[in-house]
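Data first, discussion second: the structure below is written as structure tokens.
The values are calculated or read from the model by the stated rules, or taken from the named source; none is laboratory data. Please read these numbers as outputs of a predicted model, since none were measured by experiment. Every residue, glycine as well, gets a Cβ built from its backbone with ideal geometry; the counts of neighbours run over all protein chains shown.
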Ligand SMILES: [Zn+2]
């Protein structure tokens, strides 16, 4: 993970020039559906935006099918809370019996304001049902800045919920009243996917975004005594690479 400003970019460890951007919705779908061995082929530096949500990727994965391999995969079980706070934003993970996420956002925008959403058992089914279709969103006044930064070249009402100063501009409106916070949860899963392991714990996010999500990932990796790996197959030699995969921040 090398950049967090508006999208997540990953780079090859061997050759930092090899980069793919906007990976988070595809990674969120793979993570939620518990696909950890997969080959993704693309012919450009960016994952296609599709409709701005993770739903088309879920459909592709379902169509391709999931093959269960005969190897135990460990889960990262949280043993004590880890919390990161940054300028009024906060993210925390604490012990829980399964994978849970609770998320709030606050925007000074009349169409968003305060939104909160929680899922107490985040698995493939609840992801598909409650999160996958939530689209990315952006503000009209940001569009020119995004274009300058090289993002959102393909951004349009086809793949983004666009807001002016007062309202949603898409004629079909929203897919859920709280589509914005649901999409933030998709982004969170895409960022947690960089851990490479399923989580057993409760994640709570206040006013989150990619940068805060990545701060939690880094904090988890830095605090190995706050979690344990469960379900490891002792017959399989451990080849997990739990060193941080990137440096932070490299934001624009
Ligand atoms: Zn997103």
Check: Could you say which residue among 94, 108 is surrounded by fewer than 18 Cβ atoms within 10 Å (Cβ to Cβ), at negative phi and modelled with pLDDT of 95 or more?
Finding: 94
Checklist line | Filtered residues of region 153-162 (kept if surrounded by 14 or more Cβ atoms within 10 Å (Cβ to Cβ) and more than 15 Å from the ligand (Cβ to nearest atom)) | finding: none
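Tell me yes or no: at least one residue of region 155-167 is at pLDDT 95 or above and touching a strand residue (DSSP E or B) at 6+ places or on another chain (Cβ under 6 Å).
No, every residue in region 155-167 fails to be at pLDDT 95 or above and touching a strand residue (DSSP E or B) at 6+ places or on another chain (Cβ under 6 Å).
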Item checked: Pairs where the first residue, in region 114-138, is at negative phi and in contact (Cβ under 8 Å) with a residue 12 or more places away in the chain and the second is assigned to a loop (DSSP other than H, G, I, E, B) and away from the ligand (no atom under 12 Å from the Cβ), C-beta under 6 Å, 6+ apart -> 115/178; 117/178; 121/98; 124/33; 133/175
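Look through region 182-199, keep the residues that are in contact with a strand residue (DSSP E or B) (Cβ under 6 Å, 6 or more places away or on another chain) and away from the ligand (no atom under 12 Å from the Cβ), and return whichever of them is farthest from residue 104 (Cα to Cα).
Residue satisfying both the conditions and the ranking: 197.
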Next item on the list: Take region 1-19 and flag every residue that is in contact with a strand residue (DSSP E or B) (Cβ under 6 Å, 6 or more places away or on another chain), modelled with pLDDT of 65 or more and not in a strand (DSSP E or B).
Entry: 7
Item checked: Residue among 182, 175, 202 that alone is in a loop (DSSP other than H, G, I, E, B) and modelled with pLDDT of 95 or more -> 175
Margin query: Just the residues that are in contact with a strand residue (DSSP E or B) (Cβ under 8 Å, 6 or more places away or on another chain), in a loop (DSSP other than H, G, I, E, B) and modelled with pLDDT under 95, please, taken from region 210-244.
Written below: 231, 240
